[in-house]
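Report on one structure; see the data block that follows.
Every number here is computed from the coordinates shown, using simple stated rules; none is lab data. For clarity, every value in this text was computed on a predicted model and none was experimentally measured. Cβ placement follows ideal geometry from the backbone for every residue including glycine, while neighbour counts extend to all protein chains displayed.
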Ligand code: ACO
Ligand code: LMR
C-alpha cells in the first residue's frame, strides 16, 4: 500500500493554498461579504467554529473595553518610557525583558496585570464545579497562599506616606464604592444575552465574600471576563465538556487581553512620538533612598 510521509507541521485553523485564504474553512470573500467582525475571525481562528452573534459581540466588547486604561497602568507606563527612549513601534509595544524586575509593554501582562483571566477561569470553574461555597473557596486559596485571580485592583498608594481614611478611599482606583465600569458593562451584556450566567454569579458571590474582608477586593475585569467566558462556552451549546476543559487548561483567555491592550499600547507609542517627548527619567523625590 501507499504510505504518506509524515509532515513536519500539522495545522488545522487556516489554509492559504487555494484561490483565497480560508479561516477554519471559511473563505475571505465570505468573511467580507457576510460583514464578519473581529469577533467572528477570533471564533474561527481560536475556536475553529462560527459562534453565534451574541458570542462574537461579547468577544468584541471584551477587546474594546480592555484596549486601554490610561497611561499610568504598568504596561502603558513601560511602553511610554520605551517610546521616549527612541525605540521603534514593535520594541515599544513588546520590548525585551530588561532585567529580572522590569518588563515593558506587552511583556508586562502577567498574573497581576491583565493576565489573570485564565487563572480566574480555572479557579472559579474548579470551585463552582466542586460545589465549594465562596467562603470555602477563598479560605482554601488563603491557606495555599494564592491570591484569588480576578479579585482586587492595583491602587495608587505611594509607599512611605500616611493618609487619612477619606484620602485613602479617593486614592483607591477601584473599590466597593467605585466599581469598575467595564465589569458592570460586561455583566449587563451577559445578563441580557447569555442563556446562563452561573459562573459569573458565583464570581459575584466570591466578590461579596472578599469585600467583607477588605473593600478593595472587588471583582476585576480579568475576573469578569474569566467567569463570563466560562458561561459563554458552557451556555452557547457549541462546545463539548471536554473542549471547554481543554480551552481552560491550555489558557486561551489571556489572549483577549493581550490582543486588546496591543491597541492601546500602539496608541501610546504614537502619542509619545507625536508629542516628541524626551527621554524619561524618574524623579528622585519619588524614590525612597535607604540602606
Ligand atoms: N485575593 C486575596 N487577597 C488579596 C487579593 C486577592 N486577589 N488581592 C489583594 N489581596 C489582599 C492581600 O492581603 C494583599 O496582601 P499580600 O501582599 O500580603 O498578599 C493585600 O490585599 C494587598 O492589597 P492591595 O495593596 O490593594 O493590592 P496590590 O496593589 O498589592 O495588588 C492586584 C493588586 C495585583 C490586582 C491584586 O489584587 C492581585 O494580585 N489580584 C489577583 C490577580 C488579578 O486579578 N490581577 C488582574 C487585575 S485586573 C487587570 O490587571 C486588568
Ligand atoms: C488595566 O486595565 O490596565 C487596569 O485595570 C489595571 C490598572 O492598574 O488600573
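Structure above, values below:
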{"quantity": "Top of 66, 55, 22 by mean-square fluctuation, Gaussian network on the chain, Cα under 10 Å", "calculated": "22"}
{"quantity": "For the range 209-290, projected area of the alpha-carbon convex hull averaged over all directions, nm²", "calculated": "10.7"}
{"quantity": "Choice from 217, 89, 106 with maximal GNM fluctuation in the chain (Cα, 10 Å cutoff)", "calculated": "89"}
{"quantity": "Convex hull volume per residue in cubic angstrom - Cα atoms of the range 103-258", "calculated": "131"}
{"quantity": "74, 227 arranged by Cβ crowding within 10 Å, fewest neighbours leading", "calculated": "74, 227"}
{"quantity": "For 139, 285, 207, order by how many other beta-carbon atoms lie within 10 Å, fewest first", "calculated": "285, 139, 207"}
{"quantity": "Residue with peak Gaussian network fluctuation, the chain [Cα springs, cutoff 10 Å], from 82, 210, 30", "calculated": "30"}
{"quantity": "Rg to Rh quotient for the chain, alpha carbon positions, Kirkwood Rh", "calculated": "1.02"}
{"quantity": "FRET efficiency, residue 45 to residue 286 (Cβ-Cβ, R0 45 Å, nearest 0.05)", "calculated": "0.55"}
{"quantity": "Calculated FRET efficiency for the pair residue 276/residue 129, C-beta based, R₀ 41 Å, to 0.05", "calculated": "0.15"}
{"quantity": "Bins of 5 Å from zero: percent of alpha-carbon pairs in the range 1-135", "calculated": "2, 8, 11, 12, 12, 14, 16, 13, 7, 3, 1, 1, 0"}
